[in-house]
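First comes the structure, then the notes that go with it.
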Amino acid sequence: MRILWLAVLFAGLVQPGAAQAQQQDFDVDVVDLLKRIDANLFPASGQLFIRIHNETPRGPGVETSLYAARDGGERWAALIAAPASLKGRTLMRQGDEMRVRLPGELGYRHQGWVDSFVGGSFGNVDLFPEPWSDAFDAVVQGRAGPLANLVLTPKDAGRFPFKRLTAVVDVKLAVPIEVRQFGSGNRLIKILHYKDPVPFPYGHTRPRVVEAINGLNTGYSSIMEYGDIVDRAFTEADLAFENLPRVGVLLK
């Protein structure tokens, strides 16, 4: 039944202008919905443990484990714990600026939204996202039972490596089910499937598993599994770029 709902929602897409005029008919307060989704996906400030499995046409890749810290969405820090070939790689993000430090290097490297700190189908835009309510304008394009179809457009045009998102969300649970990223010319870049919603220690229910499928080559995919996500207060100084060499101490 859920697969049928998804098919109906995507088949019934209308133009954004028409959606704005019709969205009240679907009985969805889209601004409130985005805020509830943000609250469910991550604590305002917290620490996360994540495992990522990459799949390629040649078979499974190496599993990557990392710790991450978040403060409000604008500031992130991350540390790769495994495999041995990547262990100790660290990242700091402030707004759109991301700096990565590799073990044994004194300096750092710059990365952007389209790059991937861990490799595979998850880009930094997926790993260290902005809150939806801050980054996007949204309209409702359809409703089927508890599921609604949203179109999200970046408030800052050109900021992200996609032009728009379409998202199927569970309105009652306030969690995404499927997100599609589209580039110029309506080109499908990536599909994200959100699975297994479970309660986490920070008091919210969110999908435990996210699968990313490369829209240009479906032979490549990645699965992200969230372990612990807990409330933890981080200060602005904690997540300052000056602490990039000390992320391992910060996340212990």
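Counting only protein heavy atoms and a probe of 1.4 Å, the accessible surface of the stretch 126-167 is 45% carbon and sulfur.
Using +1 at the Cβ of each Lys and Arg and -1 at the Cβ of each Asp and Glu in the chain, identify which of Gly95, Val139, Ala84 lies farthest towards the dipole's positive end. Positive-most Cα among the choices belongs to Ala84. Highest mobility in the GNM of the chain, judged by mean-square fluctuation with C-alpha springs under 10 Å and restricted to Ala157, Ala174, Ala81, is found for Ala157.
The helix-based estimate of mean residue ellipticity at 222 nm for the chain, built from -39,500 (n - 2.57) per DSSP H run of four or more residues and divided by its residue count, is -4000 deg cm²/dmol to the nearest 500.
Nothing charged except the Cβ atoms of Lys and Arg (+1) and of Asp and Glu (-1): what's the magnitude of the dipole of the stretch 75-217 about its Cα centre? Round to the nearest 20 debye.
Computed about the Cα centre, the dipole is about 120 debye.
Rounded to whole Å, give me the distance from the Cα center of the stretch 145-190 to that of the stretch 67-115. Their Cα centres are 25 Å away from one another. Using the 1.4 Å probe convention, the accessible area of the chain works out to 46 Å² per residue with neighbouring protein chains retained. Note on the stretch 138-252: Lys pairs 8 or more places apart or on different chains, Cα atoms under 28 Å apart, count 9. In this Cβ point-charge picture (+1 for Lys and Arg, -1 for Asp and Glu), the chain has a dipole of about 580 debye about its Cα centre. Here the 3J(HN,Hα) profile of the stretch 242-252, calculated from phi with Karplus coefficients 6.51, -1.76 and 1.60 at θ = phi - 60°, is 4, 8, 3, x, 10, 4, x, 6, 4, 9, 6 Hz, Gly and Pro shown as x. Seen against the Cα atoms of the chain and their longest principal axis, helix 2-11 is set at about 70 degrees.
Evaluate E = 1/(1 + (r/R0)^6) for Leu106 and Asp32, where r is the Cβ-Cβ distance and R0 equals 51 Å; express this FRET efficiency to the nearest 0.05. Once rounded, the FRET efficiency stands at 0.60.
Counted by Cβ distance under 13 Å from Leu239, the other residues give a net charge of 0, where Lys and Arg count +1 and Asp and Glu count -1.
What the phi angles of the stretch 77-88 give under the Karplus curve with 6.51, -1.76 and 1.60, with θ = phi - 60°, is a coupling list of 9, 8, 9, 7, 9, 7, x, 4, 5, 10, 4, x Hz, glycine and proline written as x. With the whole protein complex present, Asp170 retains an accessible surface near 10 Å², based on a 1.4 Å probe. Sorting the segments 134-147, 105-118 by their mean number of nearby beta carbons within 10 angstrom, highest to lowest, gives 134-147, 105-118. The amide H of Arg232, built 1.01 Å from its N in the peptide plane, has Ser45, Gly46, Gln47 as neighbours under 5 Å, considering only residues 5 or more places off or on other chains. Compared with the direct C-alpha span, the chain from Gln94 to Ser184 gains 29.8 nm at full extension, assuming 0.36 nm per residue. Taking amide H atoms as placed 1.01 Å from N in the peptide plane, the amide H of Phe117 lies under 5 Å from those of Asn124, each 5 or more residues away in sequence or on another chain.
The values are calculated or read from the model by the stated rules, or taken from the named source; none is laboratory data. Here the structure is a predicted model, which means the values were calculated and not measured. Glycine gets a Cβ as well: all are built from the backbone with ideal geometry, and neighbour counts include every protein chain shown. Please note that ligands, DNA and RNA were not included when accessible areas were found on the heavy atoms of the full protein model with its side chains. Shrake-Rupley method; radii C 1.70, N 1.55, O 1.52, S 1.80 Å.
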